[in-house]
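Structure, as structure tokens:
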Amino acid sequence: MPGLLTFTSDFGITDSYVAEVKGVLKALDPELHIIDITHWLEPGNLTAAAFVLLHAFRYFAAGTVHLAVIDPGVGSERDILAVRTGRYVFVGPDNGILQEAVEADGGGSIFALEIECFFKKLSSLYRGNDVLQRIVKQGPSATFHGRDLFAPLSAYLCGGHPLEEVAVQKSSMVEYRIMRPMVCEDSVTGKVVYIDRFGNLITNVEENLVGQEDEIFLKTDRTMTLVGRLKNSYASAGRGAPIAIIGSRGLLEIAVSGGSAQAQFEADYGNDILVMKKQNGGLWI
Amino acid sequence: MPGLLTFTSDFGITDSYVAEVKGVLKALDPELHIIDITHWLEPGNLTAAAFVLLHAFRYFAAGTVHLAVIDPGVGSERDILAVRTGRYVFVGPDNGILQEAVEADGGGSIFALEIECFFKKLSSLYRGNDVLQRIVKQGPSATFHGRDLFAPLSAYLCGGHPLEEVAVQKSSMVEYRIMRPMVCEDSVTGKVVYIDRFGNLITNVEENLVGQEDEIFLKTDRTMTLVGRLKNSYASAGRGAPIAIIGSRGLLEIAVSGGSAQAQFEADYGNDILVMKKQNGGLWI
Amino acid sequence: MPGLLTFTSDFGITDSYVAEVKGVLKALDPELHIIDITHWLEPGNLTAAAFVLLHAFRYFAAGTVHLAVIDPGVGSERDILAVRTGRYVFVGPDNGILQEAVEADGGGSIFALEIECFFKKLSSLYRGNDVLQRIVKQGPSATFHGRDLFAPLSAYLCGGHPLEEVAVQKSSMVEYRIMRPMVCEDSVTGKVVYIDRFGNLITNVEENLVGQEDEIFLKTDRTMTLVGRLKNSYASAGRGAPIAIIGSRGLLEIAVSGGSAQAQFEADYGNDILVMKKQNGGLWI
């Protein structure tokens, strides 16, 4: 069975950066299958990176290596991490983007790459491999550790080689948590934490915090809008009508049937979402 | 030989939706090869979906599963279809996007998924598969049947499992036909049915309806332009000159050499194309 | 071990063109692995094509077939080339885009496809292959040799079939060289030759032409800016500060920490970069 690796970055796909990473991966592990999560994260947006990784990782088979390179600190002293959880290995820079996913998979053992030792190991493992020799001879570039360090490390791990021989265990990594909603007795206040390509506003309010009879409001910089109660499908509202719905991440989303909630409400990341709980035996307001 | 699946959607590739579908596919069929047709169809644009599928499907080997998820009715009562034609299986929502391709492949047997029965079958088939167990346990989300239903169904079919055990045959599916041109004795009137990334205006006028001496006009909201007669290559016209040419789909296209016909003519979907037939032994006008 | 092919084009990924090429490739070589370099080259921009290919090809394993279709002359008399170098085969139109990469790999043997002979060979090799039969029966379209000629040729070569049987050797191909910098005793004057998705300005000034104490200037249509001396990482400058750095191609790049140099300086392709050499024992100005 071929190895499987997912690849998340902010490299875009208009240049050859993503391809160079894949070239190195395939040069070291020709049978490897690679799935792109996305490469269109906003440059350096650690929140978006953490969010995307958190919600995508679990749909891949156990044994998958998840590589995420959103790395504004490339070339600085930040560590290069590999984190082994129960089902996966996560590889990325030590800037917080891996944490939510690692925790959601039950936590893991954190390792920091020892570059010099790793390159020695690579040289002996992949003797005669042109691409690897080029990488080792050049040494890591100042600007592209995705190709020069993260790719070889990921291929090494996909090949089943022992992490312990090229990295040292650490007790912690940089902390980064996606904001949690504020839960009160009669309301939940959350935030828009992600906006997708359809203009759906994905909030940090989890499914279990919203009842079928609660009333949901969206507050942007300009207006406060009553979206209404939870719907069961996009199609259950008229075209152009706003909908509150539990989306595929188990989170409350604000959408517009056949349109874009982002455009219609001039909404943005960080806007407030307010869930007013149905009062027992009373009105909600 | 690994299975082959094509994947067409309006999900875009800036989010992780496409990747989640692929994760599920590969979790159930690790050897599967996946080719993206495109994920940048305009959200909910059924015409574009039908057009792209119609013109791409035939370049894939017999046995390919063609998955198309342009599904504005997700979460409503629309059926989830698998249509078996002579050479392929097409999988998608019952909203018309499969019809033109199915007909072009000679028609097929239409099946509608029985969700409950399918999930039972999956549970026993993929016992011990983490990803499948998650999908089954969660149940289909309200907004993302691509991941929760279409992907498992496609993987099931790629694995050669019998469609009949999880779906019921139907006599018909939702009808949707790309508009045909109007053919008169001395003219053919067609429409711009697709505009590609180069700004080429692809019409519904088929190759056999245009003679080498016919004169071709483009009518937009603003102007009527004489494009001229058929050319044999983009390069055969001067830079910036409009060209009528038979494109790679066997359809009449209006292009601009080294430029964009869409931009130059301020053209749009639905604009008219007029082919004036050369009169026998006379002038065309 | 499966064959590996890279694919570079200006087709974009909003249409099905890229997928049709891949469909043909996989129909003829089902085990083939395909890596996209990029498909978002500016339509017909031969410089960008040559640049991207030049800097990406070397990160792929020996034996890789590099297919590049940026082909504004499609349908004209330009040749269809396959160039065999020490480690790779490059396939593309004879318009200059392959030259820099071929030279960087030590030069190669240039072959021009004999279309009629090739189609005969294909017909007998892939007897019973639906997709190939369709391609041969249709004949090459006027607008899409990527699908109709380049893809079959690439698959043929990935399959290890002899180039000599379907192509004739040529002594030369169309010349195209990315501009070189002007090197004087006390300065180097280069150009911005590529701008990436981050807005980094990549110049044609190679690493060995810039000393640690040289002062670097950027000259746009509007202003002349002192960028300063070489830095070792993006992060070593304050947010929003311009940086001169040796990028991952071994070329001098102008970047802005946490921002876009292109936007900040209103810079463009062809802008000048000036490296003032540190005078021995003196000031640089």
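Sort out which residues of the stretch A:31-48 are among the charged types (D, E, K, R) and either outside any strand (DSSP E or B) or not assigned by TED's automatic domain parsing to the domain that holds A:L153 (or both), and write them in order of number.
A:E31, A:E42
Regarding A:V174, is this residue in a strand (DSSP E or B), modelled with pLDDT of 95 or more and either surrounded by 15 or more Cβ atoms within 10 Å (Cβ to Cβ) or not assigned by TED's automatic domain parsing to the domain that holds A:R87 (or both)? Working first, answer last.
Values: in a strand (DSSP E or B): no; modelled with pLDDT of 95 or more: yes; either surrounded by 15 or more Cβ atoms within 10 Å (Cβ to Cβ) or not assigned by TED's automatic domain parsing to the domain that holds A:R87 (or both): yes.
Taking the combined requirement at face value, the residue does not satisfy it.
Select from the stretch C:145-189 the residues that are in contact with a helix residue (DSSP H, G or I) (Cβ under 8 Å, 6 or more places away or on another chain) and farther than 30 Å from C:M1 by Cα and list them in ascending order.
Of everything in the stretch C:145-189, those that are in contact with a helix residue (DSSP H, G or I) (Cβ under 8 Å, 6 or more places away or on another chain) and farther than 30 Å from C:M1 by Cα turn out to be C:M173, C:V174, C:E175, C:Y176, C:R177, C:I178, C:P181, C:V183, C:V188.
Does the stretch C:83-107 hold any residues that are assigned to a loop (DSSP other than H, G, I, E, B) and without any contact (Cβ under 8 Å) to a residue 40 or more places away in the chain, and which are they? Give the steps one after another, and end with the answer.
Step one: list which residues in the stretch C:83-107 are assigned to a loop (DSSP other than H, G, I, E, B), which gives C:86-88, C:94-98, C:105-107.
The answer is C:G86, C:R87, C:Y88, C:G106, C:G107.
Quick check: is even one residue across the stretch A:19-30 small (G, A, S), free of Cβ contacts under 8 Å to residues at least 40 places away in the same chain and buried (at least 20 other Cβ atoms within 10 Å of the Cβ)? If you could, list the steps in order and put the result at the bottom.
At the first step, the residues of the stretch A:19-30 found to be small (G, A, S) are A:19, A:23, A:27.
Going one step further and asking which of them are free of Cβ contacts under 8 Å to residues at least 40 places away in the same chain, we end up with A:19.
So of that shortlist, the ones also buried (at least 20 other Cβ atoms within 10 Å of the Cβ) come out as A:19.
For the stretch A:19-30, residues small (G, A, S), free of Cβ contacts under 8 Å to residues at least 40 places away in the same chain and buried (at least 20 other Cβ atoms within 10 Å of the Cβ): present.
In the stretch A:199-226, how many residues are charged (D, E, K, R), buried (at least 17 other Cβ atoms within 10 Å of the Cβ) and not in a strand (DSSP E or B)?
Number satisfying all stated conditions: 1.
In the list B:T85, B:T143, which residue meets the criterion of being assigned by TED's automatic domain parsing to the domain that holds B:A49, modelled with pLDDT under 95 and in contact with a Ser or Thr (Cβ under 9 Å, 6 or more places away or on another chain)?
When all the criteria are applied, what remains is B:T143.
Six or more apart or on different chains, Cβ atoms under 7 Å: show the pairs whose first residue is in the stretch C:32-60 and touching a residue at least 24 places away in the same chain (Cβ under 8 Å) and within 8 Å of chain A (Cβ to nearest Cβ) and whose second is of a type in the set (D, E) and part of a helix (DSSP H, G or I).
C:A56/A:E20
Does B:L54 fit the bill of being assigned to a helix (DSSP H, G or I) and under 26 Å from A:A62 (Cα atoms)? So that I can check it myself, show each step before the final result.
Numbers: assigned to a helix (DSSP H, G or I): yes; under 26 Å from A:A62 (Cα atoms): no.
When the stated conditions are applied, B:L54 does not pass them.
Specify which of the listed residues (B:D196, B:D221) is within 20 Å of the chain's Cα centre (by Cα) and assigned by TED's automatic domain parsing to the domain that holds B:Y269. Give the derivation first.
On the way: B:D221 fails: within 20 Å of the chain's Cα centre (by Cα).
Result of the check over B:D196, B:D221: B:D196.
When you scan the stretch C:1-18, how many residues do you find that are more than 18 Å from A:L28 (Cβ to Cβ), more than 15 Å from the chain's Cα centre (by Cα) and in contact (Cβ under 8 Å) with a residue 60 or more places away in the chain?
1
Condition first: within 14 Å of chain A (Cβ to nearest Cβ), part of a helix (DSSP H, G or I) and among the hydrophobic types (A, V, I, L, M, F, W, C). Now tell me which residues in the stretch B:139-157 satisfy that.
Listed by number, the residues that qualify are B:L149, B:F150, B:A151, B:A155.
Closer than 24 Å to C:N45 by Cβ and either hydrophobic (A, V, I, L, M, F, W, C) or in the same structural domain as C:N45 (by TED's automatic domain parsing) (or both), is that true of C:I216? I'd like the intermediate steps shown before the answer.
Working: closer than 24 Å to C:N45 by Cβ: no; either hydrophobic (A, V, I, L, M, F, W, C) or in the same structural domain as C:N45 (by TED's automatic domain parsing) (or both): yes.
So C:I216 does not fit the description; no.
Can you find a residue in the stretch A:246-263 that is of a type in the set (S, T, Y) and farther than 19 Å from A:Y194 by Cα? Walk me through how you get there before you give the answer.
Narrowing the stretch A:246-263 to residues of a type in the set (S, T, Y): A:248, A:257, A:260.
So of that shortlist, the ones also farther than 19 Å from A:Y194 by Cα come out as none.
No, the stretch A:246-263 contains no residue that is of a type in the set (S, T, Y) and farther than 19 Å from A:Y194 by Cα.
When only residues in the stretch C:42-56 that are at pLDDT 95 or above and in contact with an Asp or Glu (Cβ under 6 Å, 6 or more places away or on another chain) count, which is surrounded by the fewest Cβ atoms within 10 Å (Cβ to Cβ)? Give the derivation first.
Of the residues in the stretch C:42-56, the ones at pLDDT 95 or above are C:49-56.
Keeping just the survivors that are in contact with an Asp or Glu (Cβ under 6 Å, 6 or more places away or on another chain) gives C:50, C:54, C:56.
On the way: C:A50: 23, C:L54: 21, C:A56: 25.
Per the stated criteria, the residue is C:L54.
Which numbered condition in (1) in contact (Cβ under 8 Å) with a residue 24 or more places away in the chain; (2) under 18 Å from C:S76 (Cα atoms); (3) in contact with a Ser or Thr (Cβ under 7 Å, 6 or more places away or on another chain) is the only one that B:S233 fails?
If we test B:S233 against (1) in contact (Cβ under 8 Å) with a residue 24 or more places away in the chain; (2) under 18 Å from C:S76 (Cα atoms); (3) in contact with a Ser or Thr (Cβ under 7 Å, 6 or more places away or on another chain), just (1) comes out false.
Of the residues C:V168, C:V74, C:V136, C:V91, only one is within 24 Å of the chain's Cα centre (by Cα) and either within 12 Å of chain B (Cβ to nearest Cβ) or farther than 19 Å from C:D10 by Cβ (or both); which?
Exactly one residue qualifies, and that residue is C:V74.
Here's the yes/no breakdown for (1) closer than 16 Å to C:S16 by Cα; (2) charged (D, E, K, R); (3) touching a Gly at 6+ places or on another chain (Cβ under 7 Å):
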residue: B:V24; (1), (2), (3): no, no, no
residue: B:I35; (1), (2), (3): yes, no, yes
residue: B:T38; (1), (2), (3): yes, no, no
residue: B:L41; (1), (2), (3): yes, no, no
residue: B:L46; (1), (2), (3): yes, no, yes
residue: B:F51; (1), (2), (3): yes, no, no
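Identify all residues within the stretch B:241-273 that are among the acidic types (D, E) and either assigned to a strand (DSSP E or B) or outside the structural domain of B:R229 (by TED's automatic domain parsing) (or both); write none if there are none. Can you show your working first?
In the first step, residues of the stretch B:241-273 are kept if they are among the acidic types (D, E); the result is B:253, B:266, B:268, B:272.
B:E253, B:D272 - these are the residues of the stretch B:241-273 that are among the acidic types (D, E) and either assigned to a strand (DSSP E or B) or outside the structural domain of B:R229 (by TED's automatic domain parsing) (or both).
If you take the residues of the stretch C:57-71 that are in a loop (DSSP other than H, G, I, E, B) and under 17 Å from the mean Cα position of the chain (by Cα), which of them is surrounded by the fewest Cβ atoms within 10 Å (Cβ to Cβ)? Break it down stepwise before answering.
Step one: filter the stretch C:57-71 for residues in a loop (DSSP other than H, G, I, E, B), giving C:60-64, C:70-71.
Now restrict to residues that are under 17 Å from the mean Cα position of the chain (by Cα): C:60-61, C:64, C:70-71.
On the way: C:F60: 26, C:A61: 19, C:T64: 24, C:I70: 27, C:D71: 28.
By that ranking, first place goes to C:A61.
Residue by residue through the stretch A:194-245, note down the ones that are of a type in the set (V, I, T) and more than 9 Å from chain B (Cβ to nearest Cβ). Quick ask: steps written out before the conclusion?
We begin by selecting, within the stretch A:194-245, every residue of a type in the set (V, I, T); these are A:195, A:202-203, A:205, A:210, A:216, A:220, A:223, A:225, A:227, A:243, A:245.
Correct list: A:I195, A:I202, A:T203, A:V205, A:V210, A:I216, A:T220, A:T223, A:T225, A:V227, A:I243.
Looking at the structure I just gave you, is A:I245 closer than 17 Å to B:D71 by Cα and crowded, with 18+ Cβ neighbours inside 10 Å?
Values: closer than 17 Å to B:D71 by Cα: yes; crowded, with 18+ Cβ neighbours inside 10 Å: yes.
Answer is yes for this residue.
Buried (at least 19 other Cβ atoms within 10 Å of the Cβ), over 19 Å from A:S16 (Cβ atoms) and either assigned by TED's automatic domain parsing to the domain that holds C:E206 or touching a residue at least 40 places away in the same chain (Cβ under 8 Å) (or both), is that true of C:I80?
Working: buried (at least 19 other Cβ atoms within 10 Å of the Cβ): yes; over 19 Å from A:S16 (Cβ atoms): yes; either assigned by TED's automatic domain parsing to the domain that holds C:E206 or touching a residue at least 40 places away in the same chain (Cβ under 8 Å) (or both): yes.
Spelling it out, C:I80 is indeed buried (at least 19 other Cβ atoms within 10 Å of the Cβ), over 19 Å from A:S16 (Cβ atoms) and either assigned by TED's automatic domain parsing to the domain that holds C:E206 or touching a residue at least 40 places away in the same chain (Cβ under 8 Å) (or both).
Within the set of pairs 6 or more residues apart or between chains, which connect a residue that is at pLDDT 95 or above inside the stretch A:156-170 to a residue that is polar (S, T, N, Q) with Cβ atoms less than 7 Å apart?
Close Cβ pairs satisfying both conditions: A:Q169/A:S109.
Please count how many residues of the stretch B:1-30 are facing chain A (nearest Cβ under 7 Å) and either of a type in the set (D, E) or assigned to a helix (DSSP H, G or I) (or both).
Total satisfying the criteria: 8.
Given (1) surrounded by fewer than 24 Cβ atoms within 10 Å (Cβ to Cβ); (2) not in a helix (DSSP H, G or I), identify the lone condition not met by A:L132.
(2)
The values are calculated or read from the model by the stated rules, or taken from the named source; none is laboratory data. Owing to the predicted nature of the structure, the values given are computational and were not obtained by experimental measurement. When we count neighbours, we look across all protein chains shown, and the Cβ atoms used for this are built from the backbone with ideal geometry, even at glycine.
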